[in-house]
Amino acid sequence: MTASQVSPFFYSMQENLIDGLVIRVTGGEVWVEKPDGDLVQCQLRGKLRLKKRGFQLVAGDRVTVKPPEASGAPWTIEGLEDRDCWLSRFIERDKAERIIVANITRLYVVAALESPPLHYGFIDRVLVSAEFGHVDSSIIMNKIDLSPGKDIERFVSVYSSCGYPVLTTSAFTGEGVDRLSDEIAGGVYAFVGESGVGKSSLLMSIDSGLDLKTRTVGDKTGRGRHTTSFSQLYNFGQGHLADTPGVQTFGFPGTDGVALQDCFPEFDEYAGHCRFQPCTHSHEPDCEVKQALENGDIVDSRYRSYLNILAEVDERGKRSPR
Ligand code: GDP
Ligand code: ZN
């Protein structure tokens, strides 16, 4: 009798399978956290390794693992749950999407109005990538102690109008930080933002014990830290914090403009009513998205971000005809 002929129940009884969470992947090394909190280094079973070309486990993947049969032998990863959502970016060299982390409970895009100055384009790019991978996002406007209330309110209204929750905080005075802390429970969280906006300060006010270095496991050679496949989770409050290397520079993970439109949730109610279907909402006449922009129902900066990313995706398409 082969493994594929036995019932899943018999199989799990026999094989002593345990649920696990992938914490770190570097090259061929996969570290998995068991329900008791222990980390074990695992090997992929052959059938998973061969699953499909380009397949790669990432931090945040939920797996089933099997203990070694002999002492000294490695644990093995026997199964992989479908991903609920993922954060990814486009890798020029591979001309393909590369997933950074899976199963994020919530992504926080952190920004400030000044020092550093606000870049709407950056925020929108992160939000678009999150939408592409079905990740729920919130925005944190930090450093509210530095800016006038009316400017903060204007910012909040831009993203509230698109349906995103916006939190306002000051890691300096502590204002709003409790509300943010209350949201952080047992899930996997990512904080993305330009350097200097206050990410580390906020993370430390939520979990003063957070040390991004102590969780580095099994990396004897240091290789992997700078590769695009590197991803890692850290203990954070009752849950985990996703490290998101390279998210400063990522490109839209999708390959066409239609996928891009779907990543602007506020376009939804208009896009279906344009005269041309599909409509790129750029040059076509009788475009309801452009009409909504004129009416002030879609925000200028969001539409500009859309056109910028669309131009990039089109340019990419020209360089490598499909
Ligand atoms: P990161 O690069 O996003 O991790 O930003 P940091 O947490 O290192 O913060 C950058 C600088 O901004 C530090 O000097 C912090 O003390 C300061 N900072 C962080 N949050 C606030 C805030 O809410 N208000 C003010 N005034 N300064 C802050
Ligand atoms: Zn249109």
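Quick one: is Asp84 away from ligand 1 (no atom under 16 Å from the Cβ) and of a type in the set (D, E, K, R)? So Asp84 fits the description; yes.
Within segment 125-142, the set of residues being free of Cβ contacts under 8 Å to residues at least 60 places away in the same chain and out of contact with any strand residue (DSSP E or B) (no Cβ under 6 Å at 6 or more places or on another chain) comprises just one member, His134. Is it the case, given these coordinates, that Ala242 is on the phi < 0 side of the Ramachandran plot and within 16 Å of ligand 2 (Cβ to nearest atom)? No; evaluated as a whole, the condition is false for this residue. It is to be established whether one or more residues within segment 121-129 are outside any strand (DSSP E or B) and over 19 Å from Val313 (Cβ atoms). No, because not a single residue in segment 121-129 is outside any strand (DSSP E or B) and over 19 Å from Val313 (Cβ atoms). Scanning for something modelled with pLDDT of 95 or more and within 14 Å of ligand 1 (Cβ to nearest atom), does segment 157-168 turn up at least one residue? Within segment 157-168, one or more residues are modelled with pLDDT of 95 or more and within 14 Å of ligand 1 (Cβ to nearest atom). Can you pull out the residues in segment 204-247 that are closer than 21 Å to Cys85 by Cβ and either within 16 Å of ligand 1 (Cβ to nearest atom) or at pLDDT below 55 (or both)? Passing the criteria: Thr228, Ser229, Tyr234, Phe236, Leu241, Ala242, Asp243, Thr244, Pro245, Gly246, Val247.
One residue is enough: does segment 129-138 have a residue meeting the conditions closer than 20 Å to Gln238 by Cβ and more than 15 Å from the chain's Cα centre (by Cα)? Within segment 129-138 (the criterion being closer than 20 Å to Gln238 by Cβ and more than 15 Å from the chain's Cα centre (by Cα)), the answer is no, since none of the residues qualifies. Would you check if Ala102 is touching a strand residue (DSSP E or B) at 6+ places or on another chain (Cβ under 8 Å), of a type in the set (A, V, I, L, M), within 30 Å of Gly317 (Cβ to Cβ) and away from ligand 2 (no atom under 16 Å from the Cβ)? For Ala102, the condition - touching a strand residue (DSSP E or B) at 6+ places or on another chain (Cβ under 8 Å), of a type in the set (A, V, I, L, M), within 30 Å of Gly317 (Cβ to Cβ) and away from ligand 2 (no atom under 16 Å from the Cβ) - is met. Suppose the filter is of a type in the set (A, V, I, L, M), modelled with pLDDT of 95 or more and away from ligand 1 (no atom under 12 Å from the Cβ); does Val177 pass it? Against the criterion (of a type in the set (A, V, I, L, M), modelled with pLDDT of 95 or more and away from ligand 1 (no atom under 12 Å from the Cβ)), Val177 does not qualify.
Taking the criterion of being more than 30 Å from Thr255 (Cβ to Cβ), touching a residue at least 24 places away in the same chain (Cβ under 8 Å) and not acidic (Asp, Glu), the residues of segment 69-117 that qualify are Pro74, Trp75, Thr76, Ala112, Leu113, Ser115, Pro116. Residues that are surrounded by 13 or more Cβ atoms within 10 Å (Cβ to Cβ) and either touching an Asp or Glu at 6+ places or on another chain (Cβ under 9 Å) or not hydroxyl-bearing (Ser, Thr, Tyr) (or both) were ranked within segment 281-292; the one that is farthest from Phe191 (Cα to Cα) is Glu284.
The values are calculated or read from the model by the stated rules, or taken from the named source; none is laboratory data. The structure displayed is predicted, hence computed values, not measured ones. For neighbour counting, all protein chains shown are included, and Cβ atoms are generated from backbone atoms with ideal geometry for every residue, glycine included.
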